[in-house]
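Report on the following structure.
The values are calculated or read from the model by the stated rules, or taken from the named source; none is laboratory data. These numbers were taken from a predicted model, which means no experiment stands behind them. Positions of Cβ are backbone-derived with ideal geometry, glycine not excepted, and every protein chain shown enters the neighbour counts.
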Amino acid sequence: MALLLPLFIVLLLIVVEVAAVGKMQMEVVHAARQGARQAAADPEVALAARAARSALPGYRDVQVRVRRDHKVGGEASVVVSVKHRVQLAFIRGPTVTIRSTSTMRVEQ
């Protein structure tokens, strides 16, 4: 029984870290969509990058790439990337990059 407790704690920490990465992935997807909405509605790509970054207020090391066609009906694409260091209690794991791309049609 005493051997099972450390194993249970490690498994619990792994579940918590996987949940944190899943939450981060959903937030990065949301940020990419926000940026793509802004890029589709406004020709200023800096505003789209700002919209994507503002959707991730607590994150550092956020990379945003915006590509936009200048004709109506073209594509506005935003890629958002965030680096995350996997950590289980006192054990530091590898750094993973969480990335999402969103593309919408240019409206103006």
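Some observations on this one:
- Some residue of the stretch 7-17 being surrounded by 15 or more Cβ atoms within 10 Å (Cβ to Cβ), in contact (Cβ under 8 Å) with a residue 40 or more places away in the chain and part of a helix (DSSP H, G or I): yes
- Those residues of the stretch 26-64 which are within 20 Å of Val106 (Cβ to Cβ) and charged (D, E, K, R), in sequence order: Arg33, Arg37, Asp42, Glu44, Arg50
- The stretch 40-59, residues that are assigned to a helix (DSSP H, G or I), without any contact (Cβ under 8 Å) to a residue 40 or more places away in the chain and either within 18 Å of Thr103 (Cβ to Cβ) or aromatic (Phe, Trp, Tyr) (or both): Val45, Leu47, Ala48, Ala49, Ala51, Ala52
- Single residue of Arg50, Arg99, Arg37, Arg85 found to be exposed (fewer than 11 other Cβ atoms within 10 Å of the Cβ) and under 17 Å from the mean Cα position of the chain (by Cα): Arg85
- Test: residue in the stretch 60-69 that is touching a Leu at 6+ places or on another chain (Cβ under 8 Å), free of Cβ contacts under 8 Å to residues at least 60 places away in the same chain and in a strand (DSSP E or B): yes
- Residue match in the stretch 88-101 (condition: over 30 Å from Pro6 (Cα atoms), aliphatic (A, V, I, L, M) and modelled with pLDDT of 90 or more): no
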